[in-house]
Amino acid sequence: MYKILALDLDGTVLTDTHTIHPDVKVAIQDISKSHHVVIVTGRHHTAARPYYQELGLTTPIICCNGTYIYDYQAEKVLEHNAINKDQALTFIAIAKEFQMKLVMYITNAMVYSRSTPIAYIHALEKWSQQYPEYQRPQIRQIDNFEALAVTEDHIWKFVVEGLPSSIERLAAHPWVQANFNGERSWSNRIDFAAKSNSKGTLLANYVKQLGYHAHHVIAVGDNHNDISMLKYAGLSVAMLNADETVKACAQHICSTDNNNNGLAKFFSDKFKG
């Protein structure tokens, strides 16, 4: 019955130390021999590449919460709904007004301000150094978001971080609500992509292009940006480490969190034979 397995990365396939549990890795590799496994992540494609290669996948990847599909085999974007330049410039101005720290995901890199760095991107940058240059996620410091936004081919999304109250006020801003889709990725962090983008929307389009339907899909996630694909899939699975809002959108709760092999056990049951 199930033909497609859609997997979130952070908090789902990845442990808290950003590794893949050996049992989960083997299970995904086995499933990929007979089923279509697609990674659906909030990550930039350069930040997902090491895991894609570790898993030995050949399918395209859905990145930045449903903003674009990237084909590693051809090294090109297959489909996208990027943020247009005028909206990007307005968003940057509003984010500054609300004193937000900002990361901008552009065509082939993630960039952050030299003057107001974000802790999570520093950690991501440190993690990236373990990989050889050809595989290393592209993370850069810049001095001027506006100048880069004007010249860059694609702006995939913004990640903003700040005080929870300020984050909520920014998300509630009428212009932001009218033009962006905001999905919480951490307690003090929200990802903002173009209005119609979500993991569920692009996954649905991708599945349709493959000639399948929602009832052919198992989707697994742990965070609020996974809710749209959990609601779409024929079988929705939340990790034990997900919060109650996410769990309420899932038909099945994994028996263990992302640091253990419960996901592999679940796969064994659903894909056996």
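The figures follow:
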item: Stokes-Einstein D in µm²/s, Kirkwood radius over Cα pairs - the range 85-194 at 25 °C with 0.890 mPa s viscosity; result: 172 µm²/s
item: The range 1-131 - convex hull of the alpha-carbon atoms, volume per residue in Å³; result: 136 Å³
item: Mean residue ellipticity (222 nm) of the chain, computed from DSSP H runs ≥ 4 via -39,500 (n - 2.57), nearest 500; result: -10000 deg cm²/dmol
item: The range 54-97, dipole about Cα centre (Lys/Arg Cβ +1, Asp/Glu Cβ -1), debye to the nearest 20; result: 140 debye
item: Which of Ser198, His36, Leu78, positive extreme of dipole for the chain (C-beta unit charges); result: His36
item: Compactness relative to 2.2 N^0.38 Å, alpha carbon Rg of the chain; result: 0.97
item: Positive dipole terminus of the range 85-194, leading residue within Tyr134, Pro164, Asn108 (C-beta point charges); result: Pro164
item: Listed peptides 48-59, 229-240 by packing density, highest first (mean Cβ within 10 Å); result: 229-240, 48-59
item: Net charge dipole size for the chain [Lys, Arg +1 and Asp, Glu -1 on Cβ; Debye, nearest 20]; result: 340 debye
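A short reminder: the numbers here are calculations on the coordinates, not readings from a lab. Owing to the predicted nature of the structure, the values given are computational and were not obtained by experimental measurement. Cβ coordinates were reconstructed from backbone atoms using ideal geometry, including for glycine residues, and neighbour counts include every protein chain displayed.
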